[in-house]
Amino acid sequence: GVGTFAVDKSDGDKMLLPGKDATITDTVTYTGLIPGKEYTLTGTLMVKSTGEPLLDAEGNPVTATKEFTANNTNGSVDIEFTFDASLLAGEDVVAFESLVKDSIEVAVHADIEDEGQSVTVVEIGTTLVDAADGDHMVENGTVTVVDTVEYKGLVAGETYTAHGTIMDKSTGLALEDSEGNPVTSTAEFVAEGSNGTV
């Protein structure tokens, strides 16, 4: 049998930021294989909301294949999917896996509801304004600004922390206060729904 656990390759969590070259690593654990024998693992990415395969720009399903020799009866192997996630904000992407030996499928794991084999594509956008009058200009001196973060793809009822840093556009570096510390702020919140603002 096989079981899978899919994560965002860049940081190992279950949330993936939209982008042209997003990569999911799916760790497939197996039991009951024959040591020394060759197997082929084939994965297909599915979109949970539709139950259909995720398609690339040419209209082909996003798949990945890995051939390996089982070192032991039980073990694990990683398979990677690289794909365009730029239009998938708020979607759950699920990895279906099939294990083949000598052209015969010996195990399959294809459960659209399995959170272990799922990764959520999360997107955030922000709008920064002057707290005093709500516009995008501030006066000289000490000011307060409010950043409204819009999110898509979070889990309703879960607690998250938004971390913000004010950047100096001309230098590309963090803006510093009078003591040389970056100007930052955090806000812990409970997502009221998959999509919302904080």
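Annotations for the structure displayed:
- Converting phi to 3J(HN,Hα) with the Karplus coefficients 6.51, -1.76 and 1.60 and the offset θ = phi - 60°, segment 142-154 yields 7, 10, 10, 10, 10, 10, 8, 9, 9, 10, 9, x, 7 Hz in sequence order, with x at every glycine or proline.
- Candidates Ser170, Ser49, Ser118: whichever shows maximal mean-square fluctuation once the chain is modelled as a Gaussian network with Cα springs under 10 Å: Ser170
- The residue list Thr161, Thr4, Ser185 was ranked by how far each Cα lies along the charge dipole of the chain toward its positive end, using unit charges on Cβ atoms, and Thr4 comes out on top.
- Percent carbon-and-sulfur accessible area, the chain, ignoring ligands, DNA and RNA, probe 1.4 Å: 49 percent
- Ordering Val121, Leu17, Gly75 by the projection of their Cα atoms onto the charge dipole of the chain, which places +1 on the Cβ of Lys and Arg and -1 on the Cβ of Asp and Glu, puts Gly75 at the extreme positive end.
- Computed from the Cα positions only, the extents of segment 1-151 along the three principal axes stand at 72, 31, 24 Å, in decreasing order.
- Total lysine pairs under 23 Å (Cα atoms) in segment 1-116, excluding pairs fewer than 8 apart on one chain: 10
- Net charge over other residues, Cβ less than 13 angstrom from the Cβ of Ser10 (K, R count +1; D, E count -1): -3
- Total charge dipole magnitude, the chain, about the Cα centre, Cβ charges on Lys, Arg, Asp, Glu only, Debye to nearest 20: 720 debye
- Hits among aspartates and glutamates - C-alpha to C-alpha of Lys152 under 12 Å, sequence gap 8 or more where chains match: Glu91, Asp92, Glu123, Glu192
- Each residue of segment 76-92 was assigned a 3J(HN,Hα) from its phi angle through the Karplus curve 6.51 cos²θ - 1.76 cosθ + 1.60 (θ = phi - 60°); the sequence is 8, 8, 9, 10, 10, 10, 10, 7, 8, 9, 5, 10, 10, 4, x, 8, 9 Hz, with glycine and proline shown as x.
- Sequence-distant residues sharing a close amide H with Ala107 (under 5 Å, placed H): Leu99
- A 1.4 Å probe run over segment 64-198, with the rest of the protein chains in place, finds 64 Å² accessible per residue.
The values are calculated or read from the model by the stated rules, or taken from the named source; none is laboratory data. Here the structure is a predicted model, which is why all the values come from computation and not from measurement. Here the Cβ is made from the backbone with ideal geometry for all residues, glycine too, and neighbour counts use every protein chain on show. Heads up: the accessible areas ignore ligands, DNA and RNA and are worked out on the full protein's heavy atoms, side chains in. Shrake-Rupley method; radii C 1.70, N 1.55, O 1.52, S 1.80 Å.
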